[in-house]
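As structure tokens, the structure follows; a few thoughts come after it.
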Number of protein chains: 2
Amino acid sequence: MTTQELITQIQQKKSFLCIGLDTDLERIPPHLLEEEDPLFAFNKAIIDATHHLCVAYKPNTAFYEAYGIKGWNALAKTIQYINHNHPEIFTIADAKRGDIGNTSTRYAKAFFDELQFDAVTISPYMGKDSVEPFLAFKGKHTILLALTSNEGAFDFQTQKIDGVALYKKVLEVSQTYSHADRLMYVVGATKAEHLAEVRKMVPESFLLVPGIGAQGGNLTEVCKYGMNPQVGLLVNSSRGIIYASNKRDFAAVAAIKAKEIQGQMMGELEKLR
Amino acid sequence: MTTQELITQIQQKKSFLCIGLDTDLERIPPHLLEEEDPLFAFNKAIIDATHHLCVAYKPNTAFYEAYGIKGWNALAKTIQYINHNHPEIFTIADAKRGDIGNTSTRYAKAFFDELQFDAVTISPYMGKDSVEPFLAFKGKHTILLALTSNEGAFDFQTQKIDGVALYKKVLEVSQTYSHADRLMYVVGATKAEHLAEVRKMVPESFLLVPGIGAQGGNLTEVCKYGMNPQVGLLVNSSRGIIYASNKRDFAAVAAIKAKEIQGQMMGELEKLR
């Protein structure tokens, strides 16, 4: 998917919501455990109920890997279901991978070719030759961790190198990589004041912003500091939507929660005009 | 496996060789492609031929994920085969994972509980709450990326924070995490001179050293700078051993290559006495 197609989808749906499919057998409605593939059954119901309210889905691979082969099967079925039924949706494998050159190419093939995701999240720690193999894929997007929404972000990401925080070095250096136009960045909503500085450094890049809802981030603040004229934001919510109810009405309640956020987003998008 | 059991194995086998199972359908002997599960058939033959010469196997998960469900199946069969037939062997999932707290716990369960690896490699970029969920597992080991063997290591890892290279900050800060005694570190052999400084900072930790062979590292140098009185090293070789021949004799040739390195290691271990 091209960035322009993503922007068009945002304009049409009046939403820049990304729904995180962090699907956990211990948290899904108990009646689904009787299904042959409870993880996929849950995801399918959530997708059916919310696809018109969001522009992206982001399964976190950890939740699927924890169930071994069955989990990978559910992940593969989920992405196939989205791609087949809702090809306009932007799909993100939240995998936080990264390895040396030829090995990163393998990960890129796993997520872009084998599973057919549009984007994958990548850790920048190993530098250029660990990131560029992902950037080599045309029509695909590499979402680099810059400033994450957890406490541990202060261990290294905000530490200063020559007076510049590491996460800013990541922005600066990664913009010199080949096909840097295929980069997006993860910037946590819990650190909204940092978003303004990030936006200054990468004015055109899309930012994937986790931490709205369960992690305490505020949508208005995120938009104030992070939006650019082409929107430039994908704001993620996971638990606040998908686990809003764990009864038989879970998908309908998820849609209500998604609709609430989409409504706020519509208001923010109107400010752009 | 406890660290002491690993040390005992090293003493008994007179080896601290780790063999990387970076198994690639494009590089394995063509006759294996007729097998039902070529990835596992290759790994099984390599393990049967080399298990007495090495103390650890390290499948890199990227190579398996690239083949989707089939790849994960082959990975699961490989680790089961090692654990069942050679329970003394230390097994490392070279996965370079890392995510926020509850998500890292999922990855830890995937590799420690579901697949039953002894250790997993982790990226430090997200800090304390992304690493400690792995450290919570008793009898398991978390191998943190410190200084990797690729060119991109110079992008961020060697950049200085308050005069101290980021990779050294990673050593310093991670040693304050709960259960830091369950930490090991990745330090590339291509930067042997850095090993002396790493050894000074973490005198007792095991170091996993990739980059011997194909990537140009030198075993004598690595031992000179990196060994401690309990050995404290796992030196990895992947392609130089497993792809030494791509004919029907591949396993026998792999054993010859592994034996060469084990012979050098025996010499280095004698210097310790």
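Quick notes
- Residue identified as more than 7 Å from chain A (Cβ to nearest Cβ), surrounded by 24 or more Cβ atoms within 10 Å (Cβ to Cβ) and modelled with pLDDT of 95 or more among B:Ala62, B:Ala95: B:Ala95
Okay, residues lined up against (1) touching an Asp or Glu at 6+ places or on another chain (Cβ under 6 Å); (2) surrounded by fewer than 20 Cβ atoms within 10 Å (Cβ to Cβ):
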residue	(1), (2)
A:Gln9	yes, yes
A:Lys14	no, yes
A:Pro29	no, yes
A:Asn43	no, no
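- One residue alone among A:Leu6, A:Leu32 is more than 14 Å from chain B (Cβ to nearest Cβ), touching a residue at least 60 places away in the same chain (Cβ under 8 Å) and of a type in the set (A, V, I, L, M, F, W, C), and that residue is A:Leu6.
- Only one of the numbered conditions (1) more than 12 Å from every other protein chain (Cβ to nearest Cβ); (2) touching a residue at least 40 places away in the same chain (Cβ under 8 Å); (3) surrounded by fewer than 18 Cβ atoms within 10 Å (Cβ to Cβ); (4) not in a helix (DSSP H, G or I) is violated by A:His52, and that is (2).
- The range A:199-216: number of residues that are buried (at least 18 other Cβ atoms within 10 Å of the Cβ), of a type outside the set (Val, Ile, Thr) and at pLDDT 90 or above: 6
- The range A:154-190, subset buried (at least 23 other Cβ atoms within 10 Å of the Cβ) and at pLDDT below 95, residue farthest from A:Ala95 (Cα to Cα): A:Ala189
- Selection of the range A:122-148 for residues being surrounded by fewer than 23 Cβ atoms within 10 Å (Cβ to Cβ) and facing chain B (nearest Cβ under 7 Å) yields A:Lys128, A:Asp129.
- Residue list for the range B:74-91, restricted to those being surrounded by fewer than 20 Cβ atoms within 10 Å (Cβ to Cβ) and either within 19 Å of the chain's Cα centre (by Cα) or modelled with pLDDT under 95 (or both): B:Ala76, B:Lys77, B:Gln80, B:Tyr81, B:Asn83, B:His86, B:Pro87, B:Glu88
- Against the conditions (1) surrounded by fewer than 16 Cβ atoms within 10 Å (Cβ to Cβ); (2) touching a Phe, Trp or Tyr at 6+ places or on another chain (Cβ under 8 Å); (3) closer than 24 Å to A:Tyr107 by Cβ; (4) not basic (Lys, Arg), A:Ala196 satisfies every one except (3).
- The sole residue among B:Tyr167, B:Tyr185, B:Tyr177 that is within 17 Å of the chain's Cα centre (by Cα), within 14 Å of chain A (Cβ to nearest Cβ) and in contact (Cβ under 8 Å) with a residue 12 or more places away in the chain is B:Tyr185.
The values are calculated or read from the model by the stated rules, or taken from the named source; none is laboratory data. Here the structure is a predicted model, which is why all the values come from computation and not from measurement. FYI the Cβ positions are ideal-geometry reconstructions off the backbone, even for glycines, and counts take in every protein chain you see.
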